[in-house]
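**Student:** Provided herewith is a single structure, encoded as C-alpha coordinates, for subsequent inquiry.
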Amino acid sequence: MASVCDQENQMIGAVYESFNDQIKISNSLPIPRPSPDGVVVKIMATGVCRSDWHGWRGHDDDIKQFLRKCGPPFVPGHEASGVVVEVGPDVRKIRVGDRVAIPFILSCGKCRECGDDRKRPTVCENQHQPGFTMWGTFAEYCAVTRADRNLKIIPDGVSTIEAAALGCRFTTAYRAVLQQGQLCRDGNDSSDEKTIAVFGCGGLGLSCIAIAAAFGARRVVAVDVSSDALRKAKELGATHTVLATISNPSKDYDPQNNTVYQDIMKISDGVGADLTIDAGGFEQTCLDAVWSCRRGGRMVQVGLPSSPPKIPMSRVAGREISIVGSHGFSSVEDSSGISGLDHILELVKTGKLRPKMLVDREVSLEEGVQELMSMNKTSPLGIVMITNFRAGINCKL
(Lines give C-alpha, C1' and ligand atoms only; values in the text may rest on other atoms or scores of the structure.)
Protein backbone atom coordinates (compact mmCIF):
# COMPACT_ATOMS: atom_id res chain seq x y z
CA MET A 1 0.00 0.00 0.00
CA ALA A 2 1.68 3.19 -1.15
CA SER A 3 1.29 6.45 0.77
CA VAL A 4 -0.34 9.43 -0.86
CA CYS A 5 2.32 11.60 0.74
CA ASP A 6 5.49 9.63 0.12
CA GLN A 7 6.94 6.14 -0.13
CA GLU A 8 7.67 5.73 3.58
CA ASN A 9 4.22 4.63 4.76
CA GLN A 10 3.29 8.04 6.08
CA MET A 11 -0.01 9.83 5.84
CA ILE A 12 -1.60 13.21 6.48
CA GLY A 13 -3.86 13.61 9.50
CA ALA A 14 -5.08 15.97 12.20
CA VAL A 15 -3.75 15.46 15.73
CA TYR A 16 -3.78 17.00 19.19
CA GLU A 17 -1.34 16.37 22.02
CA SER A 18 -3.62 17.30 24.92
CA PHE A 19 -7.14 18.52 25.49
CA ASN A 20 -7.98 22.04 24.26
CA ASP A 21 -4.58 22.39 22.58
CA GLN A 22 -4.36 23.51 18.99
CA ILE A 23 -5.28 20.72 16.57
CA LYS A 24 -2.46 20.52 14.04
CA ILE A 25 -2.00 18.91 10.64
CA SER A 26 0.79 16.34 10.43
CA ASN A 27 2.13 14.90 7.19
CA SER A 28 4.24 12.23 8.89
CA LEU A 29 1.77 9.98 10.68
CA PRO A 30 2.31 6.25 10.23
CA ILE A 31 -0.20 4.54 7.99
CA PRO A 32 -1.88 1.92 10.21
CA ARG A 33 -1.83 -1.81 9.58
CA PRO A 34 -4.95 -3.94 10.01
CA SER A 35 -5.62 -6.13 13.03
CA PRO A 36 -6.28 -9.82 12.21
CA ASP A 37 -10.04 -9.15 12.16
CA GLY A 38 -9.75 -5.65 10.73
CA VAL A 39 -9.13 -3.61 7.61
CA VAL A 40 -7.45 -0.36 6.61
CA VAL A 41 -9.78 2.12 4.93
CA LYS A 42 -8.74 5.03 2.74
CA ILE A 43 -11.04 7.75 4.02
CA MET A 44 -13.07 9.43 1.27
CA ALA A 45 -15.34 11.57 3.47
CA THR A 46 -15.55 12.26 7.19
CA GLY A 47 -17.92 14.56 9.05
CA VAL A 48 -17.05 17.20 11.64
CA CYS A 49 -19.27 16.31 14.59
CA ARG A 50 -19.84 17.95 17.97
CA SER A 51 -18.91 14.62 19.58
CA ASP A 52 -15.39 15.21 18.21
CA TRP A 53 -15.46 18.62 19.88
CA HIS A 54 -16.49 17.02 23.19
CA GLY A 55 -13.57 14.63 22.85
CA TRP A 56 -11.08 17.40 22.10
CA ARG A 57 -12.38 19.39 25.07
CA GLY A 58 -11.71 16.46 27.41
CA HIS A 59 -15.29 15.34 28.02
CA ASP A 60 -14.81 11.74 26.85
CA ASP A 61 -13.44 9.07 29.19
CA ASP A 62 -12.42 6.72 26.36
CA ILE A 63 -10.02 9.27 24.88
CA LYS A 64 -8.61 9.95 28.34
CA GLN A 65 -7.99 6.24 28.78
CA PHE A 66 -6.37 5.99 25.33
CA LEU A 67 -3.98 8.84 26.10
CA ARG A 68 -3.07 7.36 29.48
CA LYS A 69 -2.35 3.99 27.90
CA CYS A 70 -0.81 4.95 24.55
CA GLY A 71 0.19 8.57 24.97
CA PRO A 72 -0.28 11.40 22.47
CA PRO A 73 -0.93 12.32 19.76
CA PHE A 74 -4.58 11.56 19.12
CA VAL A 75 -6.45 11.60 15.80
CA PRO A 76 -10.14 12.62 16.11
CA GLY A 77 -13.00 11.77 13.76
CA HIS A 78 -15.60 9.02 13.73
CA GLU A 79 -18.19 9.72 11.01
CA ALA A 80 -16.76 8.33 7.79
CA SER A 81 -16.77 6.18 4.71
CA GLY A 82 -14.03 5.06 2.35
CA VAL A 83 -12.39 2.35 0.27
CA VAL A 84 -10.74 -0.74 1.75
CA VAL A 85 -7.04 -0.90 0.85
CA GLU A 86 -5.83 -3.73 3.11
CA VAL A 87 -7.49 -6.58 5.01
CA GLY A 88 -6.41 -8.68 7.97
CA PRO A 89 -5.91 -12.46 7.66
CA ASP A 90 -9.17 -13.34 9.47
CA VAL A 91 -11.45 -11.11 7.38
CA ARG A 92 -13.78 -13.05 5.10
CA LYS A 93 -16.62 -10.75 3.97
CA ILE A 94 -14.83 -7.49 3.18
CA ARG A 95 -12.37 -7.22 0.30
CA VAL A 96 -9.82 -4.75 -0.99
CA GLY A 97 -11.60 -2.22 -3.19
CA ASP A 98 -14.94 -2.38 -1.36
CA ARG A 99 -16.57 0.97 -0.61
CA VAL A 100 -17.66 0.77 3.03
CA ALA A 101 -19.71 2.69 5.55
CA ILE A 102 -18.03 2.81 8.96
CA PRO A 103 -20.37 2.79 11.99
CA PHE A 104 -18.76 4.48 14.96
CA ILE A 105 -19.77 1.63 17.31
CA LEU A 106 -17.77 -1.49 16.50
CA SER A 107 -19.37 -4.05 18.79
CA CYS A 108 -17.63 -7.24 19.87
CA GLY A 109 -20.43 -9.82 19.53
CA LYS A 110 -19.20 -11.69 22.60
CA CYS A 111 -20.18 -9.74 25.72
CA ARG A 112 -23.43 -9.96 27.72
CA GLU A 113 -25.00 -7.00 25.92
CA CYS A 114 -24.18 -8.33 22.44
CA GLY A 115 -25.36 -11.86 23.29
CA ASP A 116 -28.54 -13.57 22.16
CA ASP A 117 -30.36 -12.83 25.44
CA ARG A 118 -30.10 -9.03 25.14
CA LYS A 119 -28.93 -8.15 21.61
CA ARG A 120 -27.92 -4.59 22.58
CA PRO A 121 -24.70 -3.97 20.62
CA THR A 122 -25.08 -0.19 21.01
CA VAL A 123 -24.11 -0.67 24.66
CA CYS A 124 -21.48 -3.35 23.98
CA GLU A 125 -19.26 -3.76 27.03
CA ASN A 126 -16.13 -3.87 24.88
CA GLN A 127 -17.00 -1.60 21.98
CA HIS A 128 -14.35 -0.01 19.80
CA GLN A 129 -14.96 3.50 18.47
CA PRO A 130 -12.82 5.29 15.88
CA GLY A 131 -11.99 8.71 17.23
CA PHE A 132 -12.56 7.69 20.85
CA THR A 133 -11.05 4.32 21.80
CA MET A 134 -8.64 4.41 18.86
CA TRP A 135 -7.26 6.81 16.24
CA GLY A 136 -10.06 8.23 14.16
CA THR A 137 -10.91 9.31 10.65
CA PHE A 138 -9.39 12.81 10.41
CA ALA A 139 -6.58 11.17 8.45
CA GLU A 140 -6.05 9.69 5.02
CA TYR A 141 -6.27 6.14 6.38
CA CYS A 142 -7.98 4.52 9.36
CA ALA A 143 -7.63 1.02 10.80
CA VAL A 144 -11.07 -0.46 11.55
CA THR A 145 -11.37 -3.52 13.77
CA ARG A 146 -14.09 -6.21 13.72
CA ALA A 147 -14.68 -5.53 10.05
CA ASP A 148 -16.83 -8.49 9.07
CA ARG A 149 -19.26 -7.89 11.93
CA ASN A 150 -19.65 -4.13 11.63
CA LEU A 151 -18.70 -2.69 8.23
CA LYS A 152 -21.30 -2.47 5.48
CA ILE A 153 -20.62 -2.28 1.76
CA ILE A 154 -22.04 0.85 0.16
CA PRO A 155 -24.49 -0.07 -2.63
CA ASP A 156 -24.31 1.43 -6.09
CA GLY A 157 -26.26 4.67 -6.23
CA VAL A 158 -25.13 5.84 -2.77
CA SER A 159 -22.16 8.21 -2.63
CA THR A 160 -19.35 8.06 -0.08
CA ILE A 161 -20.49 11.48 1.18
CA GLU A 162 -23.99 10.15 1.83
CA ALA A 163 -22.53 7.04 3.49
CA ALA A 164 -20.29 9.16 5.72
CA ALA A 165 -23.31 11.20 6.81
CA LEU A 166 -24.81 7.90 7.98
CA GLY A 167 -21.75 7.09 10.09
CA CYS A 168 -22.95 8.93 13.18
CA ARG A 169 -25.56 11.66 13.12
CA PHE A 170 -28.06 10.21 10.68
CA THR A 171 -27.96 6.67 12.05
CA THR A 172 -27.91 8.02 15.62
CA ALA A 173 -31.04 10.02 14.75
CA TYR A 174 -32.63 6.94 13.17
CA ARG A 175 -32.19 5.02 16.41
CA ALA A 176 -33.37 7.94 18.56
CA VAL A 177 -36.55 8.56 16.54
CA LEU A 178 -37.57 5.07 15.41
CA GLN A 179 -35.96 2.55 17.74
CA GLN A 180 -35.66 4.28 21.11
CA GLY A 181 -38.35 6.87 20.38
CA GLN A 182 -40.68 4.21 18.92
CA LEU A 183 -42.28 6.67 16.51
CA CYS A 184 -43.80 3.82 14.48
CA ARG A 185 -44.08 1.14 17.17
CA ASP A 186 -46.42 2.65 19.76
CA GLY A 187 -49.46 0.45 20.34
CA ASN A 188 -51.74 3.46 20.91
CA ASP A 189 -51.00 5.57 17.85
CA SER A 190 -49.61 5.31 14.36
CA SER A 191 -46.85 7.69 13.31
CA ASP A 192 -49.23 9.83 11.24
CA GLU A 193 -51.11 10.80 14.41
CA LYS A 194 -48.06 11.80 16.39
CA THR A 195 -46.38 15.07 17.29
CA ILE A 196 -42.61 14.97 17.65
CA ALA A 197 -40.58 17.93 18.92
CA VAL A 198 -36.82 18.10 18.35
CA PHE A 199 -34.78 20.45 20.52
CA GLY A 200 -31.50 21.59 18.93
CA CYS A 201 -31.19 21.66 15.15
CA GLY A 202 -27.54 20.98 14.45
CA GLY A 203 -26.59 18.01 12.28
CA LEU A 204 -28.11 15.50 14.71
CA GLY A 205 -31.33 17.41 15.29
CA LEU A 206 -31.84 18.08 11.59
CA SER A 207 -31.34 14.37 10.95
CA CYS A 208 -34.09 13.64 13.49
CA ILE A 209 -36.35 16.10 11.66
CA ALA A 210 -35.70 14.47 8.29
CA ILE A 211 -36.35 10.96 9.61
CA ALA A 212 -39.53 11.90 11.50
CA ALA A 213 -40.88 13.59 8.36
CA ALA A 214 -39.91 10.66 6.12
CA PHE A 215 -41.74 8.23 8.39
CA GLY A 216 -44.95 10.22 8.45
CA ALA A 217 -45.20 12.04 11.77
CA ARG A 218 -48.23 14.35 11.71
CA ARG A 219 -46.46 17.28 13.32
CA VAL A 220 -42.69 17.71 13.32
CA VAL A 221 -41.66 20.64 15.51
CA ALA A 222 -38.13 22.05 15.26
CA VAL A 223 -36.81 24.15 18.15
CA ASP A 224 -33.59 26.15 17.99
CA VAL A 225 -32.08 29.54 18.79
CA SER A 226 -30.99 30.00 15.16
CA SER A 227 -33.40 31.23 12.48
CA ASP A 228 -31.10 29.76 9.84
CA ALA A 229 -31.27 26.33 11.47
CA LEU A 230 -35.06 26.54 11.58
CA ARG A 231 -35.20 27.43 7.89
CA LYS A 232 -33.09 24.34 7.16
CA ALA A 233 -35.41 22.27 9.35
CA LYS A 234 -38.35 23.44 7.23
CA GLU A 235 -36.54 22.30 4.08
CA LEU A 236 -36.07 18.87 5.66
CA GLY A 237 -39.72 18.42 6.59
CA ALA A 238 -40.50 20.29 9.81
CA THR A 239 -44.17 21.31 9.89
CA HIS A 240 -43.66 23.86 12.67
CA THR A 241 -40.70 25.82 14.02
CA VAL A 242 -40.14 27.47 17.39
CA LEU A 243 -37.46 30.12 17.83
CA ALA A 244 -35.99 29.71 21.30
CA THR A 245 -34.02 32.22 23.31
CA ILE A 246 -30.89 31.48 25.30
CA SER A 247 -31.97 31.47 28.93
CA ASN A 248 -30.34 31.02 32.31
CA PRO A 249 -30.82 27.34 33.22
CA SER A 250 -29.90 28.00 36.87
CA LYS A 251 -33.30 29.65 37.38
CA ASP A 252 -36.30 27.48 38.20
CA TYR A 253 -38.21 26.39 35.11
CA ASP A 254 -41.37 28.47 34.74
CA PRO A 255 -43.60 26.92 32.07
CA GLN A 256 -46.08 29.79 32.17
CA ASN A 257 -43.38 32.22 31.07
CA ASN A 258 -41.42 29.86 28.84
CA THR A 259 -42.21 30.63 25.21
CA VAL A 260 -40.94 27.27 23.92
CA TYR A 261 -43.24 25.35 26.24
CA GLN A 262 -46.18 27.61 25.47
CA ASP A 263 -45.65 27.38 21.70
CA ILE A 264 -45.47 23.58 21.77
CA MET A 265 -48.65 23.44 23.86
CA LYS A 266 -50.43 25.54 21.23
CA ILE A 267 -49.09 23.43 18.35
CA SER A 268 -50.16 20.20 20.08
CA ASP A 269 -53.66 21.42 21.05
CA GLY A 270 -52.64 21.79 24.68
CA VAL A 271 -51.53 18.17 25.06
CA GLY A 272 -47.77 18.26 24.55
CA ALA A 273 -45.64 16.27 22.13
CA ASP A 274 -45.94 12.49 21.97
CA LEU A 275 -42.18 12.23 21.46
CA THR A 276 -39.59 14.82 22.43
CA ILE A 277 -35.92 14.55 21.58
CA ASP A 278 -33.07 16.52 23.11
CA ALA A 279 -30.57 16.62 20.26
CA GLY A 280 -28.72 19.65 21.60
CA GLY A 281 -27.33 18.30 24.84
CA PHE A 282 -27.76 21.58 26.69
CA GLU A 283 -29.46 21.90 30.06
CA GLN A 284 -32.16 24.09 28.56
CA THR A 285 -32.92 21.77 25.64
CA CYS A 286 -33.20 18.84 28.04
CA LEU A 287 -35.59 20.68 30.35
CA ASP A 288 -37.70 21.92 27.45
CA ALA A 289 -37.93 18.36 26.13
CA VAL A 290 -39.12 16.98 29.47
CA TRP A 291 -41.61 19.74 30.18
CA SER A 292 -43.05 19.68 26.65
CA CYS A 293 -43.72 15.93 26.69
CA ARG A 294 -47.36 14.85 26.97
CA ARG A 295 -48.77 12.60 29.68
CA GLY A 296 -47.56 9.08 28.99
CA GLY A 297 -45.19 10.41 26.33
CA ARG A 298 -41.58 9.59 25.67
CA MET A 299 -38.49 11.80 25.91
CA VAL A 300 -35.25 10.64 24.27
CA GLN A 301 -31.89 12.01 25.38
CA VAL A 302 -29.55 11.66 22.40
CA GLY A 303 -27.50 14.89 22.57
CA LEU A 304 -24.49 14.63 24.88
CA PRO A 305 -25.09 16.81 27.97
CA SER A 306 -22.20 19.04 28.94
CA SER A 307 -23.68 19.68 32.41
CA PRO A 308 -26.25 17.77 34.49
CA PRO A 309 -29.79 19.19 34.11
CA LYS A 310 -32.30 19.47 36.96
CA ILE A 311 -34.90 16.97 35.79
CA PRO A 312 -38.38 17.51 37.35
CA MET A 313 -38.75 13.90 38.45
CA SER A 314 -42.07 14.51 40.22
CA ARG A 315 -43.51 15.56 36.84
CA VAL A 316 -41.92 12.54 35.17
CA ALA A 317 -43.47 10.19 37.74
CA GLY A 318 -46.87 11.88 37.98
CA ARG A 319 -47.33 11.98 34.21
CA GLU A 320 -45.65 8.64 33.51
CA ILE A 321 -43.19 10.19 31.09
CA SER A 322 -40.63 7.69 29.80
CA ILE A 323 -37.10 9.07 29.60
CA VAL A 324 -34.88 6.95 27.36
CA GLY A 325 -31.23 7.25 26.46
CA SER A 326 -30.02 6.67 22.92
CA HIS A 327 -26.43 5.96 21.97
CA GLY A 328 -25.26 5.57 18.41
CA PHE A 329 -26.51 2.82 16.15
CA SER A 330 -25.70 -0.80 15.47
CA SER A 331 -24.97 -2.14 12.00
CA VAL A 332 -25.30 -5.75 13.19
CA GLU A 333 -28.11 -7.96 11.89
CA ASP A 334 -31.06 -8.43 14.24
CA SER A 335 -32.93 -11.67 14.97
CA SER A 336 -34.63 -11.46 11.56
CA GLY A 337 -31.24 -11.35 9.85
CA ILE A 338 -31.67 -7.72 8.73
CA SER A 339 -29.09 -5.03 9.45
CA GLY A 340 -30.44 -1.60 10.31
CA LEU A 341 -27.59 0.01 8.40
CA ASP A 342 -28.37 -2.05 5.31
CA HIS A 343 -31.97 -0.89 5.62
CA ILE A 344 -30.94 2.76 5.87
CA LEU A 345 -28.58 2.45 2.90
CA GLU A 346 -31.46 1.01 0.87
CA LEU A 347 -33.71 3.92 1.93
CA VAL A 348 -31.00 6.33 0.77
CA LYS A 349 -30.66 4.47 -2.51
CA THR A 350 -34.41 4.69 -3.15
CA GLY A 351 -34.53 8.36 -2.15
CA LYS A 352 -36.80 8.03 0.90
CA LEU A 353 -33.96 9.33 3.07
CA ARG A 354 -31.72 12.07 1.69
CA PRO A 355 -28.76 12.61 4.02
CA LYS A 356 -26.92 14.71 1.43
CA MET A 357 -29.45 17.48 2.08
CA LEU A 358 -27.87 17.74 5.53
CA VAL A 359 -24.38 18.36 4.16
CA ASP A 360 -23.81 22.08 4.50
CA ARG A 361 -20.48 22.07 2.63
CA GLU A 362 -17.42 20.05 1.72
CA VAL A 363 -14.09 21.25 3.12
CA SER A 364 -10.40 20.37 3.34
CA LEU A 365 -8.90 18.71 6.41
CA GLU A 366 -7.38 22.01 7.49
CA GLU A 367 -10.74 23.77 7.17
CA GLY A 368 -12.47 20.93 9.00
CA VAL A 369 -10.10 21.27 11.94
CA GLN A 370 -10.85 24.98 12.17
CA GLU A 371 -14.56 24.19 12.04
CA LEU A 372 -14.22 21.76 14.94
CA MET A 373 -12.31 24.18 17.14
CA SER A 374 -14.79 26.97 16.38
CA MET A 375 -17.55 24.91 18.01
CA ASN A 376 -16.45 26.59 21.24
CA LYS A 377 -18.54 29.53 20.03
CA THR A 378 -20.87 28.32 17.29
CA SER A 379 -22.42 25.31 15.60
CA PRO A 380 -22.40 24.66 11.86
CA LEU A 381 -25.67 24.53 9.97
CA GLY A 382 -25.97 20.88 9.01
CA ILE A 383 -22.99 18.60 8.42
CA VAL A 384 -19.54 19.87 7.43
CA MET A 385 -17.83 17.10 5.46
CA ILE A 386 -14.06 16.75 5.00
CA THR A 387 -13.41 15.36 1.52
CA ASN A 388 -9.91 16.68 0.74
CA PHE A 389 -6.95 15.80 2.94
CA ARG A 390 -4.20 17.44 0.88
CA ALA A 391 -5.44 20.94 0.07
CA GLY A 392 -2.87 23.42 1.33
CA ILE A 393 -0.61 20.66 2.70
CA ASN A 394 2.99 20.30 1.52
CA CYS A 395 4.26 16.76 1.93
CA LYS A 396 7.84 16.05 2.90
CA LEU A 397 9.31 13.92 0.12
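The values are calculated or read from the model by the stated rules, or taken from the named source; none is laboratory data. What you are looking at is a predicted structure, and each value in this text was computed from that prediction instead of being measured. A quick note on method: Cβ atoms are made from the backbone with ideal geometry, for glycine too, and the neighbour counts reach across all protein chains shown. Protein only, heavy atoms only, side chains kept; ligands, DNA and RNA dropped before computing areas. Shrake-Rupley method; radii C 1.70, N 1.55, O 1.52, S 1.80 Å.
**Student:** What Kirkwood radius, in Å to one decimal, follows from the Cα pairs of the chain?
**Tutor:** Working: mean 1/r = 0.0467 Å⁻¹.
The answer is 21.4 Å.
**Student:** Using Cα-Cα distances under 8 Å and only pairs 6 or more residues apart, what relative contact order does the range 1-134 have, in percent?
**Tutor:** Contact order relative to length: 23 percent.
**Student:** Give the relative contact order (percent, whole number) for the chain; include only Cα pairs under 8 Å separated by 6+ residues. Let's see the in-between values first.
**Tutor:** Details: 943 pairs, mean separation 70.6, N = 397.
Worked out over the chain, it gives 18 percent.
**Student:** Toward the positive end of the charge dipole of the range 179-306, about the Cα centre and with charges on Cβ (Lys, Arg +1; Asp, Glu -1), which of A244, G181, G202 goes farthest?
**Tutor:** G181
**Student:** Specify the residue with the greatest mean-square fluctuation among R295, R315, R99, computed from a Gaussian network of the chain linking alpha-carbon atoms under 10 Å apart.
**Tutor:** Of R295, R315, R99, the Gaussian network model singles out R315 as fluctuating most.
**Student:** Hey, rough spin-label estimate for R118 and R390, points 7 angstrom out along Cα→Cβ, what's it come to in nanometres?
**Tutor:** Modelled inter-label distance: 4.6 nm.
**Student:** Okay, moving on. Which residue, M357, M44, M385, tops the fluctuation ranking in a GNM of the chain built on C-alpha contacts under 10 Å?
**Tutor:** Looking only at M357, M44, M385, the largest GNM fluctuation is found for M357.
**Student:** Residue farthest toward the positive end of the dipole of the range 122-180, with Cβ of Lys/Arg at +1 and Asp/Glu at -1: which of T122, A165, N150?
**Tutor:** T122
**Student:** Also, quick follow-up: What is the gain in length, in nm to one decimal, between L243 and C70 on full extension, counting 0.36 nm per residue of separation less the C-alpha to C-alpha distance? Write out the running numbers ahead of the final one.
**Tutor:** Numbers: separation 173, 0.36 × 173 = 62.28 nm, distance 4.50 nm.
Computed gain between L243 and C70 is 57.8 nm.
**Student:** Which percent, to the nearest 5, of DSSP beta bridges fully inside the chain are antiparallel? Walk me through the intermediate numbers first.
**Tutor:** On the way: 29 of 57 bridges.
If I count the DSSP bridges inside the chain, around 50 percent turn out antiparallel.
**Student:** Now a separate question. For N376 and K110, calculate 0.36 nm times their separation in residues minus their Cα-Cα distance, and state this gained length in nm to one decimal. Before the final figure, lay out the partial values.
**Tutor:** Working: separation 266, 0.36 × 266 = 95.76 nm, distance 3.84 nm.
Separation in residues times 0.36 nm, less the Cα-Cα distance, equals 91.9 nm.
**Student:** Could you work out the equivalent-ellipsoid semi-axes for the range 124-268, taking the square root of 5 times each eigenvalue of the Cα gyration tensor, largest first, in whole Å?
**Tutor:** Calculated on Cα positions only, the semi-axes equal 33, 19, 16 Å.
**Student:** Also, I was wondering about something else. Give me the 1.4 Å probe accessible area per residue for the range 34-154, excluding ligands and nucleic acids, in Å².
**Tutor:** Working: 4800 Å² over 121 residues.
Per-residue accessible area for the range 34-154 comes out at 40 Å².
**Student:** Rounded to the nearest 500, what is the 222 nm mean residue ellipticity of the chain from helices alone, with -39500 (n - 2.57) per DSSP H run of 4+ residues and division by all residues? Before the final figure, lay out the partial values.
**Tutor:** Values: 12 runs with 97 residues, N = 397.
Result for the chain: -6500 deg cm²/dmol, rounded to the nearest 500.
**Student:** In debye, nearest 20: dipole of the range 131-188 around its Cα centre with unit charges on the Cβ of K, R (+) and D, E (-)? Can you show the working numbers first?
**Tutor:** On the way: 6 positive and 5 negative charges, 49 e Å.
So the magnitude is around 240 debye.
**Student:** A follow-up question, please. Given the options I277, Y261, V225, identify the residue whose Cα lies farthest towards the positive end of the charge dipole of the range 220-284 (+1 on Cβ of Lys, Arg; -1 on Cβ of Asp, Glu).
**Tutor:** Towards the positive end, the residue furthest out is V225.
**Student:** For the range 234-374, calculate the relative contact order in percent as a whole number, restricting contacts to Cα pairs under 8 Å that are 6 or more residues apart. If you can, show how the numbers build up before the last one.
**Tutor:** Numbers: 159 pairs, mean separation 20.4, N = 141.
Relative contact order for the range 234-374 comes out at 14 percent.
**Student:** May I pose another question? Report, to two decimal places, the Cα Rg of the range 20-114 normalised by 2.2 N^0.38 Å (N = number of residues). Don't skip to the end; give the middle numbers.
**Tutor:** Numbers: Rg = 15.0 Å, N = 95, 2.2 N^0.38 = 12.4 Å.
For the range 20-114, the normalised Cα radius of gyration comes out at 1.21.
**Student:** Still on this model: Please sort 193-200, 212-219 by packing, taking for each peptide the average over its residues of neighbouring beta carbons within 10 angstrom, highest first. Intermediate values should be presented prior to the final figure.
**Tutor:** Numbers: 193-200: 27.6, 212-219: 20.6.
Most protected by this proxy first, the peptides run 193-200, 212-219.
**Student:** Of all DSSP beta bridges located in the range 239-397, what percent are antiparallel, nearest 5? All intermediate terms of the calculation are to be shown ahead of the outcome.
**Tutor:** On the way: 1 of 15 bridges.
Counting DSSP beta bridges with both partners in the range 239-397, the antiparallel share is about 5 percent.
**Student:** For the pair D62/D228, report the inter-label distance in nm, with labels modelled 7 Å from Cα in the Cβ direction.
**Tutor:** 3.0
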